[in-house]
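Contents: one structure, followed by commentary.
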Amino acid sequence: MQAPLHGLKVIDFSQGGAGPYCAQLLADFGASVIKVEPPRGDWAREMGVRDEALGMSATFAAFNRSKRGLCLDLTRPEAVDIARRLALGADILVEAFRPGVMHKLGLGAEDLCPHASRLVYCAISGYGQTGPNIGRPASDSVMQAYGGLMSLIGEPGGQPLRVPNIVSDMLAGTNAFASVLLALVRRHDTGCGGVVGTSLLDSIVGFQASILSEYLMTGQPPQRRGNRHPLIAASGVFDAADGQIAYTVLDHYWKPFCEAMGLQALYADPRFATSPARQSNRPALHEAFAAATRTHRVAELLDLLARTGVLCAPVQDYAALVADPQVRHNKLLSTLAIGDREVPMVRAPMHVDGPAVRWSAPPSIGEHSRQVLSEELALDSAQIDTLLAGRVVLAAPG
């Protein structure tokens, strides 16, 4: 069956996490994506663990599959002209520079959209396209702090902690993907594209809608609670004899939970009679649970709690996660042939008609430069050779 975005052309000028992830989602669902890189390459090629044999980092591989690579030196007017011609012939453009950078190149939405009414121009930024902070550099390393998320994470009374993943980039990439799809739906009806996008700040604030709304309603700032649910007691992590279990007990399961755990005395205890009371007495409640679970194995506890309807799951590290039968059943993990290697990949979390995998390898710098210039702009070999000789365009060896 034909992929839902088949036939759409995307020009991806972005680097790092959010923009490339957005463009990769478009590629995963059938769009033809050209990744435009500077001569030094996308800086994510060096981010995190780099595989020298592959010539790229795991992060770059995770965000740039199924794209064709074009290398342009956008400090050169001839390269900007090529980029402009490609953009005007595209359905979607993705960029993630600070506001104003693309406009200085003559590639901003205000420069392109008047000449390409069907173009969906997706701009991803740190703080937004306007406002007092747009000149500041931004990445997930600072946005978790600025966006309030770090203030929630950590043990009670302890230091704030960051989530060890690029949360705001992943959220912004997904939100940008959704914005592009909304614009494509509108374009289907009106024939017009438009300017869409998101920011790391918008995405990380939106991600916290529930707990932020509670603060706005009550004026009470949330406290760091470690593994305990911010809205529900009882909740947290049990120590079992052979591992740990995360649990959350909704109010209507409180009585059956106590009965199943042999803790009927807690149900009769006025300190735990209501949800507000349980939240006020979390430490005592948690200690009572911990004493009742330390001698049981994880599998026993999971079976016991599942029969009561209580929310529970084992605390799995990555080794357990990748071997988990449900993860494997959902086909969340796969491999992609890159050269003579089978490189692990994580599929997109959404699917249409089942999780089909039709991937190609992430490009090396300028891997498809000749092909893109020939097929998309109809340049002949002599013209391409001239651009390569002048280093306006760079191509991978071979």
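Annotations for the structure displayed:
- Listed by chain and number, the lysines placed with their C-alpha closer than 23 angstrom to that of LYS104 are LYS35; residues fewer than eight positions away on the same chain are left out.
- Length released on extending from GLN208 to LEU321, taking residue separation times 0.36 nm less the Cα-Cα span: 38.2 nm
- Taking the Cα centre of the chain as origin and assigning +1 to Lys and Arg Cβ atoms and -1 to Asp and Glu Cβ atoms, the resulting dipole is close to 460 debye.
- Across the chain, the mean sequence separation of Cα contacts (distance under 8 Å, 6 or more residues apart), normalised by length, yields a relative contact order of 18 percent.
- The chain: angle of helix 298-308 to the longest principal axis, Cα-based, in degrees nearest 10: 80
- Proximal lysines to LYS331, defined as alpha-carbon separation beneath 24 angstrom and excluding residues fewer than eight positions away on the same chain: LYS67
- Taking the C-alpha atoms only, the angle from helix 167-190 to the longest principal axis of the chain is near 60 degrees.
- Using a Förster distance of 35 Å, the FRET efficiency for SER151-ASP380 (Cβ separation, nearest 0.05): 0.05
- The listed peptides 234-246, 5-17, 340-352, 186-198, ordered by packing as a protection proxy, come out as 5-17, 234-246, 186-198, 340-352 (highest mean of other Cβ atoms within 10 Å first).
- Mean separation of Cα contacts under 8 Å, 6 or more apart, over the residue count of the stretch 235-315: relative contact order %: 47
- Projected label distance in nm at SER360 and HIS252, using a 7 Å step from Cα toward the beta-carbon: 5.2
- Relative packing of 291-299, 366-374, which averages over residues the other C-beta atoms within 10 Å, highest first: 366-374, 291-299
- Dipole size of the stretch 235-315 about its Cα centre, with +1 on Lys/Arg Cβ and -1 on Asp/Glu Cβ: approximately 160 debye, rounded to the nearest 20.
- Seen against the Cα atoms of the chain and their longest principal axis, helix 77-88 is set at about 60 degrees.
- Once the C-beta distance of ARG186 and GLN264 is scaled by a Förster radius of 56 Å, the resulting FRET efficiency is 0.45 to the nearest 0.05.
No lab work stands behind these numbers, since they all come straight from the coordinates. Keep in mind it's a predicted model, so treat the numbers as computed, not measured. Cβ coordinates were reconstructed from backbone atoms using ideal geometry, including for glycine residues, and neighbour counts include every protein chain displayed.
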